[in-house]
Every structure is written in C-alpha cells, then in structure tokens.
Amino acid sequence: GNSVTQMEGPVTLSEEAFLTINCTYTATGYPSLFWYVQYPGEGLQLLLKATKADDKGSNKGFEATYRKETTSFHLEKGSVQVSDSAVYFCALPSGAGSYQLTFGKGTKLSVIP
Amino acid sequence: DGGITQSPKYLFRKEGQNVTLSCEQNLNHDAMYWYRQDPGQGLRLIYYSQIVNDFQKGDIAEGYSVSREKKESFPLTVTSAQKNPTAFYLCASSTGGGAQQTQYFGPGTRLLVL
C-alpha cells in the first residue's frame, strides 16, 4: 500500500522564523495528499490538501506543493507564530479504493517568542 | 455549522467495564472512522464504516466494537477485553473512500482507566 515518511522532530523555532517540515511518499497512482494539524488536547484539523501533481495547497500562511518528480509534499511557512505550536501530520490514502488514510508519525513544532 | 461532535471529552473506565464513546456528524458523510492515538505516536485505525449497517475492522479492532444504525452516528464501545484502553480516541468522517477522499475529524475523547 501507499506509505509516507515524515520528519519526526521535535522542531523548535523562534517567532518569525521560516518553517519546513519534510514529507515524502510512495504511492500507486496520484492520490490526494494532506497535512493535518493537532493543537494540544484537540482533534486533528485539515490544514491543507493537494489533489494532483503540481497542485499547491495553502491555508493560514502554510503551503505545500505536490511534487511528483521528488515524491514530496513538504510543508512550509515563511514566518511562524507562537500560535502555530502544534503537531503536524502528513497523510495520504492507503491505496486505490481504500477507505484508510496512512499517516506520518507527526512532527511537533514549538515556536518560542 | 456542519461538523463532528464527540462526547464525552473525558471518560473514565473501571476494570472489567465496557464504555461507549459517542460520535455524531451532520456533514451528510457516508463514511465514518474511529482512530486511536497514543502519546507521541501517530493514528491507528480501529474500525470504519462505508455506509449504514456496514463496518469493517481496521488495524487494531481487538477489544472494540461498533455499530452504524444511522448515517449520522458511529458509536465505539471499548470492551473489557481491551487490556490497555488508555488513549485519545478520534472519530472522523468522509464522503467516500479512494484516492480523492478527505477525512474530517472530531475533537476527540480521552479515555482513562481508574
């Protein structure tokens, strides 16, 4: 089935620093790719998604581009804030026709003032 | 507003007791899911349901049971056979499966053993 490898962290950044969280995948075909965010004590929220190669998903200043050539979907933000402190998960469907999502192990981001 | 609600937020289980976690969605989604999250780990699928009156086991179904009598509701029962139930439980829903599905999550229920 499909799989994802995500940078594990933890990552600690100062406010206004540039963020990159790496995610690479192996997949059959071109499934949608997702980034979810989990704030402390809460459920997962869909942060952004891309549905086909070269698509760029964006939300709240975060961006990720679906790169077929490098099988990557790295999450980036130009200037992080303290409120971005959370755990970030990369995910994709487990296979064609599958109802399962395969998640990365999560990257904990802490932003310090 | 459409969304997924889970109750209770915290739940305590005594030894030998079955407990039921509630999940309700008003997104008109056909598919619903239950995940377990342990500290510092990713998500593991317990059960999922593609449609009313149908459900399938996920990767860690032992010690859990579900029902899907209504489209909006997908309760999860943690039975006494689940020896290590302490975890954060997340419910999700989607319009369907396959390569283009998008799953949306509820706020979670934290289960603790007394």
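None of the figures in this text is laboratory data; all of them are computed from the coordinates on show. These numbers were taken from a predicted model, which means no experiment stands behind them. Every residue, glycine as well, gets a Cβ built from its backbone with ideal geometry; the counts of neighbours run over all protein chains shown.
A few points about this structure:
- Farthest toward positive dipole pole in chain A [+1 Lys/Arg, -1 Asp/Glu at C-beta], among A:36, A:71, A:85: A:71
- Of all lysines in the structure, those lying under 21 Å Cα to Cα from residue A:108, and not within fewer than 8 positions of it along the same chain, are A:49, A:60, A:77.
- For chain A, pairs of C-alpha atoms spaced more than 21 angstrom apart make up 31 percent of the total.
- Structural descriptor for chain A: relative contact order 37 percent, calculated from alpha carbon pairs under 8 angstrom and at least 6 residues apart.
- Isotropic mean projected area of the C-alpha convex hull, region B:69-114 (nm²): 4.7
- Longest to shortest principal axis, alpha-carbon extents of the protein assembly as shown, angstrom: 49, 40, 33
- Overall, the ratio between the Cα radius of gyration of chain B and 2.2 N^0.38 Å, rounded to two decimals, is 1.00.
- Between the alpha-carbon centres of region A:92-113 and region B:53-103 there is a gap of 18 Å.
- At the listed q of 0.16, 0.23, 0.29 Å⁻¹, the Debye profile of region A:25-69, built from one uniform point per Cα, gives log10 I(q)/I(0) equal to -0.47, -0.80, -1.04.
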